[in-house]
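**Q** This is the structure I want to talk about, given as structure tokens.
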Amino acid sequence: MNRMTNRFSRGDKMRSALRGWLLAAAFVWLAVVSAMVSPISSWGQEPVLQENRPTLVEITALARTKIVKIFGAGGFQGLEAYQTGILISDEGHILTAWSHVLDADGVTVFLHDGQRHEATLMGYDPRSEIAIIKIDVAGTPYFNLDESNTPPRLGDLVLALTNLYGVATGNEPVSVQHGTVTALKPVEANRVGGRFPYRGPVLIVDAITSNPGTPGGALVNEHGELVGVIGKDLKATGADIWLNYGLPINDIRGSIDDILSGKLVLDSADPDRPRPTEPMTLELLGLRLVPDVVGRTPPYVDSLIERGSAERAGLLPDDLILFVNDQLIASRRQVEETLEFLHRDDPVSITVQRGRETLTFELEAGQ
């Protein structure tokens with residue numbers, strides 16, 4: 001009997017010890033949670049964070065207010081007619097990708113709250129394929145680029161905010177994807193209409209951003225800083241792999257500043273301007289450009305006419321034309337339109353990008 005009593009006594013002690021251990025563990029867990037988030041003071045109020053450190057939910061909510069939905073050209077060509085933009089000032093300046101969507105007389109922008117605005121194209125940089133458009137608005141939330149000073153590193157968490165598949169058309173929030181930075185390096189890649197002109201390092205991420213509507217979207221780090229701008233679809237050279245990437249914001253600050261300062265502004269030719277009776281042509285310059293297969297086909301040199309002016313001057317296939325007579329060029333079609341206003345006897349200055357170099361050549365018809 002005493003043995004039975006002792007046995008039950010030991011069992012009670014073990015159960016009591018187990019309950020004590022579980023209770024202690026529960027208190028430790030509560031202490032950890034309490035260290036991160038303080039208790040809700042009253043029903044319906046948001047938790048107050050210790051040390052004012054925002055959660056990812058709060059970072060996402062704020063970042064979404066700085067993203068816009070852009071609608072323009074493309075639908076009649078069988079291409080998507082929408083993409084994403086990033087507010088970078090409280091005066092309505094929007095950073096986005098340079099694409100066929102902007103090839104329209106009217107580009108419409110929707111803010112996060114559903115406000116609709118018509119946008120004006122300020123300019124673009126063909127070397128990085130970014131553009132800035134502007135809407136007439138003031139006091140909007142925006143990403144302060146001067147605060148985007150945390151260099152991204154491998155393994156860093158990123159949030160990709162985009163108008164993925166055009167899901168958001170009015171006041172619907174843009175889509176958010178969670179990922180990490182998997183590589184930071186230059187890439188060799190192709191797309192329809194030519195090669196990728198950007199020669200700096202890009203952020204490769206494991207979030208699937210290579211989809212319709214994502215160009216111009218934002219890559220945001222865990223501090224809520226803008227670290228990258230999502231570019232247009234790219235396929236790695238020599239492999240059937242679509243790249244999910246962003247242009248590092250610190251590496252394209254020069255392009256952004258040049259557009260805002262008016263150095264990279266597109267000047268449309270005046271249709272009433274007199275045209276010469278004998279205009280300049282690509283053939284007279286000894287140039288063949290890539291076929292005009294998509295809206296705003298990049299003006300890459302496809303081939304050179306043997307012993308023509310371009311070949312003798314030193315141009316090469318795959319050169320990307322940036323300027324004709326100091327006029328910023330946006331597409332293959334614009335090269336031809338610009339030449340139409342030049343007489344065939346006039347010298348022509350052509351600036352191209354070749355790899356990481358920017359080169360200027362002086363050409364004359366038949367010379």
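**Q** Go through the residues of segment 61-73 one by one and say whether even a single one is on the phi > 0 side of the Ramachandran plot and in contact (Cβ under 8 Å) with a residue 12 or more places away in the chain. Let's see the steps before the verdict.
**A** Of all residues in segment 61-73, those on the phi > 0 side of the Ramachandran plot come to none.
No, that holds for no residue.
**Q** Which condition number in (1) surrounded by fewer than 17 Cβ atoms within 10 Å (Cβ to Cβ); (2) among the acidic types (Asp, Glu); (3) part of a loop (DSSP other than H, G, I, E, B) is the one that Glu80 fails?
**A** (1)
**Q** It is to be established whether one or more residues within segment 91-98 are under 18 Å from the mean Cα position of the chain (by Cα), in the same structural domain as Pro201 (by TED's automatic domain parsing) and of a type in the set (Gly, Ala, Ser). Please lay out each step first, then the result.
**A** Residues of segment 91-98 that are under 18 Å from the mean Cα position of the chain (by Cα), as a first pass: 92-98.
Remaining after also requiring in the same structural domain as Pro201 (by TED's automatic domain parsing): 92-98.
Subset that is of a type in the set (Gly, Ala, Ser): 92, 97.
Yes, segment 91-98 contains a residue that is under 18 Å from the mean Cα position of the chain (by Cα), in the same structural domain as Pro201 (by TED's automatic domain parsing) and of a type in the set (Gly, Ala, Ser).
**Q** Could you look through segment 296-342, keep only residues that are at pLDDT 90 or above and in contact with an Asp or Glu (Cβ under 8 Å, 6 or more places away or on another chain), and pick out the one that is farthest from Pro274 (Cα to Cα)?
**A** Result: Pro317.
**Q** Hey, another quick one. Kindly check whether there is at least one residue in segment 128-150 that is of a type in the set (Asp, Glu) and under 14 Å from Gly216 (Cβ atoms).
**A** Of segment 128-150, the ones of a type in the set (Asp, Glu) are 129, 136, 146-147.
So of that shortlist, the ones also under 14 Å from Gly216 (Cβ atoms) come out as 129.
Yes.
**Q** More than 21 Å from Ala330 (Cα to Cα) and aliphatic (A, V, I, L, M), is that true of Val109? Write out each step before concluding.
**A** Numbers: more than 21 Å from Ala330 (Cα to Cα): yes; aliphatic (A, V, I, L, M): yes.
Judged against the criteria, Val109 is a match.
**Q** Moving on. What number of residues within segment 149-178 are in a loop (DSSP other than H, G, I, E, B) and more than 15 Å from the chain's Cα centre (by Cα)? Steps first, please.
**A** Residues of segment 149-178 in a loop (DSSP other than H, G, I, E, B): 149-156, 163, 167-174.
Of the ones still in play, those that are also more than 15 Å from the chain's Cα centre (by Cα) are 149-156, 167-173.
Within segment 149-178, residues that are in a loop (DSSP other than H, G, I, E, B) and more than 15 Å from the chain's Cα centre (by Cα) number 15.
Let's see how each residue does on (1) among the acidic types (Asp, Glu); (2) closer than 19 Å to Leu102 by Cβ:
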site	(1), (2)
Pro201	no, no
Val205	no, no
Pro212	no, yes
Gly217	no, yes
Asn221	no, no
Val227	no, no
Lys235	no, no
Asp240	yes, no
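Yes or no, residue by residue, for (1) within 20 Å of Ser175 (Cβ to Cβ); (2) without any contact (Cβ under 8 Å) to a residue 40 or more places away in the chain; (3) outside any strand (DSSP E or B):
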| position | (1), (2), (3) |
| --- | --- |
| Ile208 | yes, yes, yes |
| Asn211 | yes, no, yes |
| Pro215 | yes, no, yes |
| Leu219 | yes, no, no |
| His223 | no, no, yes |
| Asp233 | yes, no, yes |
| Gly246 | yes, no, no |
| Ile256 | no, no, yes |
| Leu264 | no, no, yes |
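**Q** Anything in segment 124-145 that is modelled with pLDDT under 90 and of a type outside the set (S, T, N, Q)? List them, or say none. Can you show your working first?
**A** Let us first name the residues in segment 124-145 that are modelled with pLDDT under 90, namely 124-129.
Tyr124, Asp125, Pro126, Arg127, Glu129 - these are the residues of segment 124-145 that are modelled with pLDDT under 90 and of a type outside the set (S, T, N, Q).
The values are calculated or read from the model by the stated rules, or taken from the named source; none is laboratory data. Keep in mind that what you see is a predicted model, and the values were worked out from it rather than measured. Glycine also receives a Cβ, built like all others from the backbone with ideal geometry; neighbour counts cover every protein chain displayed.
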